[in-house]
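First up is the structure itself, then whatever we jot down about it.
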Amino acid sequence: MDKISLLQSRRNALLQAGEAVRKSVSTLIDADSFVETDSFSFSGNEFYGENAEGEGVVTGLATLEDTPVAIVALNSAVLSGGLTLAGCKKIVKCLEKAENASAPVVYLLSSQGVVAGEGVNVLEGVAEVVAKMDELKGYVPQFAVVLGDVLGSASLFVAEADYAYYLKDSCVSYASPLVIAAKSNLSADKAKIGGAVATEYNNLATFTVESLEEVKDSIANILNVLPAYGGELLETGDDLNRAFPALNEKACAKCLQEAVFDKDYCIELGKGYAPEVVTAIGRIGGYSAAAIIFNGENGVALTKENVYKVKEFLYYCDDNDLPVITFVNTLGIEENTKVSNSTVLKEITNLVNALKTEMPRINVVYGKAIGLGYTLFASKAFGADYTYAFANAEIGLFNSEVGARLEIAGSEEKIDAAMERYTEETMDAFNAARNGYIDNVIEPQFVRQYLIAAIQTLI
């Protein structure tokens, strides 16, 4: 067989083995933009006794809405998407190309883990991939798209990515649901073990989506917000002086997002985990920015879960040069022994380190800033540049009930009257402003104007 015929034969075999995964890649990228790399990486696997076409990994460079990206796709049709040493080295080469080109990386994942028969060799390969992914954090954004089951060592790729998209019926778990069932006698319900529903407690999924088209749009929107790809300042067409009168009556996470972010430029991340804390990125007055919103009717008590979410988001913002606005409606640690003695205290010390990173930060007390909630998220001692408070905000050592009960201990004064008096006299935002702790007390409807002006001085 001549060389051209051999090439064609091998290419046809490769395309046939990867037809489905290449179709998925094509859906995510601009038409005809994919340039595949290391196509003809073949190795014999002793366990299976066959060649693994392309090592079950498709890699290459492409564009997504005209932005250059690197593609790493695990092909479930070859060795069940299993990882081999050669496949891992192929992934590392692609990540090196992404690093050199400052190109975001998109992973399309469906894998049963490492390939049996490779022994410790493949474990070394996995270590090289994970180390390289970690090295790229803060340098290029990494997007993991979970197409199906992602098990074993392949699940580490989801955890290392900056963003994870879970498609319908997908599952991410280090241990196979069947293994879990065999060891624990628990139901092998993969949705509960590692599906999108599991993100309520594992914080892996950034988004749950219905289609790859939705993923493509989302990635494009995120890149448009990040300064490294969309620019620090973008003309969005929104009114810089736009007011939001409804905030004068009541403030909540949704209305704060609408009031502050430019129209059509707000993306919420990680909805499923610790939903009482909203984390979002977008554009404010055309500037790239991020927001943390504590969303609770009577203030949000601190737990290890929501503190962890805030900490990780702050590191993410620091990596991506995003100024952070924290909308404070926050109490201290939940007042029960179980929570107070939990790892929340250790998470808080880790949070302090994140608060001291160098990204610009603005605090806005829109609800309550009570006790430790004030210390962490309203005080400027941890490096915040500005702290504002809504005129109707409540700032104090204790919440109104606790403070009132302490004040009237042993007296005949009714608790309702004492709470009203304590709130008006002790928790008024002007008290904190009088002492210089609050830079300005503002009318809620004009918060967007204050934030834009502040961001302009910090960028």
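The values are calculated or read from the model by the stated rules, or taken from the named source; none is laboratory data. Quick caveat, the model's predicted, so the values are computed rather than measured. When we count neighbours, we look across all protein chains shown, and the Cβ atoms used for this are built from the backbone with ideal geometry, even at glycine.
Whether any residue in segment 89-104 is in the same structural domain as Phe40 (by TED's automatic domain parsing), small (Gly, Ala, Ser), at pLDDT below 95 and crowded, with 21+ Cβ neighbours inside 10 Å is what I want to check. For segment 89-104, residues in the same structural domain as Phe40 (by TED's automatic domain parsing), small (Gly, Ala, Ser), at pLDDT below 95 and crowded, with 21+ Cβ neighbours inside 10 Å: absent. Return a yes/no flag: does segment 232-240 have any residue that is part of a helix (DSSP H, G or I), modelled with pLDDT under 95 and out of contact with any Ser or Thr (no Cβ under 9 Å at 6 or more places or on another chain). Scanning segment 232-240 turns up no residue that is part of a helix (DSSP H, G or I), modelled with pLDDT under 95 and out of contact with any Ser or Thr (no Cβ under 9 Å at 6 or more places or on another chain). Here the condition is being in the same structural domain as Val25 (by TED's automatic domain parsing), among the polar types (S, T, N, Q), touching a Ser or Thr at 6+ places or on another chain (Cβ under 8 Å) and in contact (Cβ under 8 Å) with a residue 60 or more places away in the chain; of Ser80, Ser111, Ser76, it holds for Ser76 alone.
The set of residues from segment 431-455 being among the charged types (D, E, K, R), part of a helix (DSSP H, G or I) and farther than 28 Å from Pro227 by Cα comprises just one member, Arg434. For the residues Glu297, Glu268, the requirement of being modelled with pLDDT under 95, of a type outside the set (A, V, I, L, M, F, W, C) and either surrounded by fewer than 19 Cβ atoms within 10 Å (Cβ to Cβ) or closer than 24 Å to Gln456 by Cα (or both) singles out Glu297.
Of the numbered conditions (1) crowded, with 24+ Cβ neighbours inside 10 Å; (2) in a helix (DSSP H, G or I), Leu109 satisfies every one except a single condition; which is it? The one condition Leu109 does not meet is (2). Could you list all residues from segment 438-451 that are surrounded by 19 or more Cβ atoms within 10 Å (Cβ to Cβ) and not basic (Lys, Arg)? Listed by number, the residues that qualify are Ile438, Ile442, Pro444, Val447, Leu451. Reported count of residues in segment 231-247, each being small (Gly, Ala, Ser), over 28 Å from the mean Cα position of the chain (by Cα) and surrounded by fewer than 16 Cβ atoms within 10 Å (Cβ to Cβ), is 1.
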